[in-house]
1. Taking A98 as the residue in question, decide whether it is more than 30 Å from S284 (Cβ to Cβ), at pLDDT 95 or above, touching a helix residue (DSSP H, G or I) at 6+ places or on another chain (Cβ under 8 Å) and in a helix (DSSP H, G or I).
2. Sort through L320, L325, L297, L336 and tell me the only one that's crowded, with 19+ Cβ neighbours inside 10 Å and in a loop (DSSP other than H, G, I, E, B).
3. Out of the residues in region 154-185 meeting the condition of being of a type in the set (A, V, I, L, M) and either closer than 24 Å to N266 by Cα or not in a helix (DSSP H, G or I) (or both), tell me which one is nearest to the chain's Cα centre (by Cα).
4. Looking at region 346-359, which of the residues that are of a type outside the set (D, E) and touching a residue at least 12 places away in the same chain (Cβ under 8 Å) is most open to solvent (accessible area, probe 1.4 Å)?
5. Among the residues of region 280-292, are any open to solvent by 50 Å² or more (accessible area, probe 1.4 Å), among the small types (G, A, S) and assigned to a strand (DSSP E or B)?
6. Identify, please: which residue in region 101-137 is at pLDDT below 95 and acidic (D, E) and is, among those, surrounded by the most Cβ atoms within 10 Å (Cβ to Cβ)?
7. Could you run through region 29-72 and say how many residues are over 15 Å from L134 (Cβ atoms), assigned to a strand (DSSP E or B) and of a type outside the set (A, V, I, L, M, F, W, C)?
8. Among (1) among the polar types (S, T, N, Q); (2) farther than 13 Å from I172 by Cβ; (3) part of a strand (DSSP E or B), which single condition is Q263 missing?
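The values are calculated or read from the model by the stated rules, or taken from the named source; none is laboratory data. Given the structure is predicted, the values throughout are model-derived calculations rather than measurements. Every residue, glycine as well, gets a Cβ built from its backbone with ideal geometry; the counts of neighbours run over all protein chains shown. Note: areas computed on protein heavy atoms with side chains; ligands, DNA, RNA excluded. Shrake-Rupley method; radii C 1.70, N 1.55, O 1.52, S 1.80 Å.
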Amino acid sequence: MSIANLDVCFAIAGYARAARVCEDTAHDFRMMQELRPAAVFVDMQPTAVLAARALGLPVISTGDSDFFRETQNSWMPWIPEGEVRNPYPSCLPAFGEAYRQYSLRPPRTISETLRGDVTLIASAAELERSQPPLPSWEAIKYMGLVAWEPPWSTATEELAEWNAPAGKRVFITLGHGGKNTEGQLQSVIDGSLDAGAHVFLSTGFRGETGSQNSDRLRVGEFVGIRAGTDWADLVIAHGGYSTVLNCLRSGKASIHLPFMSEQEANARIFVEDNGAGLLARRTSLDSTTRHFVQSDLFPELPVEDEDPRVRWAAGVDHALSLKSLQLSARRLAGYLQAAECDFTFEAQIEEAVARNDRG
């Protein structure tokens, strides 16, 4: 999926239509009226920001850094801004109409629909140095990483009991399981096993899957991210924002197989550009047709066989042989772990309430 920026993303969600924006805002408004919260914490949900503003409630807003950047190519930075085409109407007029219905000043940019009294970027400044600047809002700051860890997961204990030898441990997680096909996942699993790895697979919400005929394979469903990244020598993932940054936080090299442009951007910017991992495939813009085209798997490797299983085995071997990948990931881990040291949500809530009272 090729999505150039947040405006396109919101349009796909239906927010180019004022009726949809107003309907979702009214739902959030009614919920907040019923719950009467002291403050509202928002994770990349613009209608909840609007509803909270209409009720005069303090807002703590958090999100991925590319949700707040205002360049036209923020989700596909390898495409020049002048080449960006939006196949949908902009969402800004629809949000403007909704804001006016609640007697509020309309947002000037799409990113501003996510602005809080305190706005928290789930990243660290060191990782963002090469990126366009964030908006010059008051109280916008880096908070370190967010990792959603299910309380029911026993993956850490199970991996400790497995006693898989270090050196070729591969953790595979391709997100919630809804974007990749069974065949794509199977090629990753089989290629990793062919490379001699011990494999821990997280299937997300798709349930049990994968080869069960190897004593070098363990399968879990939605097990979170940190148990696997802490255990592994190499992570194979989909380029999801939190997954990418948690790979780096654990100091582990990674290979990313993106299924949409934002995931490819995460892998290019945070992993590949920092020398901490590999991108299994990439997209480019065809200069003649103006269509996006996708490369083969690991096009840089001298593998003539087109079988995805064979190419994945070569890619895993290659990544595990490059000690520089893990060294770079370990260097970045220090910055990410340091960003978490002095951060507390209690302090952010207090600041948001104080700012809301003043404003």
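1. Taking the combined requirement at face value, the residue satisfies it.
2. L297
3. Going through the qualifying residues, I end up with L174.
4. Of everything passing the filter in region 346-359, G359 is most open to solvent (accessible area, probe 1.4 Å).
5. There is at least one residue in region 280-292 that is open to solvent by 50 Å² or more (accessible area, probe 1.4 Å), among the small types (G, A, S) and assigned to a strand (DSSP E or B).
6. The extreme case among them is E128.
7. Matching residues across region 29-72 total 1.
8. Among (1) among the polar types (S, T, N, Q); (2) farther than 13 Å from I172 by Cβ; (3) part of a strand (DSSP E or B), the lone unmet condition for Q263 is (3).
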